[in-house]
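Just below is one structure, and these are the notes that go with it.
Values quoted throughout were computed directly from the atomic coordinates according to the rules given, and no laboratory measurement underlies them. None of the values given here were measured: they were computed from a predicted structure. We place every Cβ from the backbone using ideal geometry, glycine too, and count neighbours over all the protein chains shown.
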Protein chains: 2
Amino acid sequence: MKLTSSIQAFVLHFGEMGSRWGINRTVGQIYALLYLSKDPLNAEQITDTLGVSRSNVSMGLKELQSWRLVRLQHFPGDRRDYFSTPEDVLEIALTLVEERRKRELDPTLTLLRQTLMEPATDQDEQHAHERMGQMCELMEQVSQWSHDLQKLSPKELQRLLMLGSAVPKLLQMKDKLSLVGARSKPHRENSPD
Amino acid sequence: MKLTSSIQAFVLHFGEMGSRWGINRTVGQIYALLYLSKDPLNAEQITDTLGVSRSNVSMGLKELQSWRLVRLQHFPGDRRDYFSTPEDVLEIALTLVEERRKRELDPTLTLLRQTLMEPATDQDEQHAHERMGQMCELMEQVSQWSHDLQKLSPKELQRLLMLGSAVPKLLQMKDKLSLVGARSKPHRENSPD
DNA sequence: TCGTAATTTCAGTAATTACTGAAATGTATT
DNA sequence: AATACATTTCAGTAATTACTGAAATTACGA
């Protein structure tokens with residue numbers, strides 16, 4: 001793929017942002033390239049375009065696959081692997097949310113749950129456990145949000161995104177309506193599926 | 001501060017997760033310690049507890065301040081700096097969302113807006129610009145969400161968190177209501193402030 | 001303004017992470 | 001089963017990031 005100046009700028013930028021996003025430069029650049037490319041690319045094409053080693057591209061593609069951010073496909077009469085990104089940016093974002101939850105939240109959630117099983121032994125630990133409990137509760141909720149997001153249809157997601165700060169207004173509306181057929185405080189506002 | 005086994009486990013865990021969260025081990029450990037501590041701590045106490053160099057703690061605290069994740073305070077008759085984290089985990093989470101937006105989204109958004117000002121020169125670039133446009137739009141929306149979140153009261157935030165997958169149901173409700181006093185499709189569902 | 005305590009800076013070094021090239025492994029074709 | 005092509009693995013090296021200790025700076029009280 002030809003690197004016009006604006007495409008190159010984007011690719012280099014993704015390389016630089018990589019470290020902030022928890023991936024390395026090459027992985028960032030590979031992703032940027034695949035994201036912009038009209039057609040799927042094979043490893044050799046990526047190698048040539050980016051000017052990095054073939055093995056580096058191989059490792060980068062494996063990493064991107066572990067994030068479920070690229071798709072592997074084949075063409076008849078060609079046994080090389082071709083890679084592409086999903087068309088839909090919302091789908092991409094959803095994958096990103098899910099994978100970051102797994103990597104950045106779940107391990108801590110596991111530790112917190114384990115730790116909170118044991119009773120606190122002294123004063124300091126008492127307080128520490130309270131704090132861990134608060135963090136745990138919040139992380140559970142965020143984690144649940146992430147799971148719930150995955151279930152939404154693209155349409156619903158798109159609407160949710162556009163809502164923005166209008167959400168609290170919706171909540172107010174809901175309150176007014178609830179006054180009619182009111183039940184006593186439910187712990188969680190989801191009705192069980 | 002005494003490191004009981006569960007406190008130590010938490011501190012070490014935060015150190016290890018640091019690299020995934022975009023901070024280094026020491027910064028993670030310092031934060032964990034401050035988060036769990038009942039009272040504010042000064043740099044020397046942190047140094048002693050973690051067994052790292054005084055200068056490392058100094059740099060770590062600066063980093064945490066740049067994230068706005070710790071607060072500096074003083075006690076009468078003591079000129080050392082004492083650090084603590086906010087009580088409210090929701091407030092902490094909000095700060096985190098805001099700072100990550102600044103660091104992980106805004107630079108890319110800036111690049112995309114700049115790039116999309118220029119017209120595409122050829123076929124490949126044409127397609128690339130369309131893709132950049134899609135990404136830009138999505139990032140604008142996510143960025144706006146982040147901004148909007150900052151404006152919510154703790155109460156509203158708490159309710160929003162508990163909503164989870166019930167949000168689409170709310171959307172449906174809204175649709176039904178909107179049928180009454182319906183306007184023609186607004187581009188964004190927020191009413192301007 | 002001098003002395004002392006606290007903090008920051010920074011050059012040097014340690015530790016970690018990223019990348020390369022060569023060799024090994026896998027896979028389809030003849 | 002031999003060949004050709006594609007991909008992966010991995011040891012060695014390069015590059016980056018993290019950490020330390022000493023020196024410099026800052027802030028305050030005498």
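A few comments on the model shown:
- Output for the range A:58-82, where each listed residue is within 13 Å of DNA strand C (Cβ to nearest atom), outside any loop (DSSP other than H, G, I, E, B) and more than 25 Å from B:LEU105 (Cα to Cα): A:SER58, A:MET59, A:LEU72, A:HIS74, A:PHE75, A:ASP78, A:ARG79, A:ARG80, A:ASP81
- Test: residue in the range B:20-41 that is within 14 Å of DNA strand C (Cβ to nearest atom), surrounded by fewer than 20 Cβ atoms within 10 Å (Cβ to Cβ) and at positive phi: yes
- Selection of first residues in the range B:82-100 that are over 24 Å from B:VAL57 (Cβ atoms) and of second residues that are crowded, with 16+ Cβ neighbours inside 10 Å and among the hydroxyl-bearing types (Ser, Thr, Tyr), restricted to Cβ pairs under 7 Å at least 6 apart or on distinct chains, gives the following pairs, ordered by first then second residue: B:VAL97/B:SER146; B:GLU98/B:SER146.
- Sole residue being under 23 Å from A:HIS127 (Cβ atoms), in contact with a Phe, Trp or Tyr (Cβ under 6 Å, 6 or more places away or on another chain), within 14 Å of chain A (Cβ to nearest Cβ) and more than 9 Å from DNA strand C (Cβ to nearest atom), chosen from B:THR85, B:THR95: B:THR85
- Restricted to the range A:35-68, and to residues there that are free of Cβ contacts under 8 Å to residues at least 12 places away in the same chain and closer than 18 Å to A:ILE7 by Cβ, the residue that is nearest to DNA strand D (Cβ to nearest atom) is A:THR47.
- Taken over the range A:5-26, the criterion of being more than 10 Å from chain B (Cβ to nearest Cβ) and within 16 Å of the chain's Cα centre (by Cα) is satisfied by A:GLY18, A:ILE23.
- Filtering the range A:150-177 to residues that are more than 7 Å from chain B (Cβ to nearest Cβ) and among the charged types (D, E, K, R) leaves A:LYS155, A:LYS169, A:ASP175, A:LYS176.
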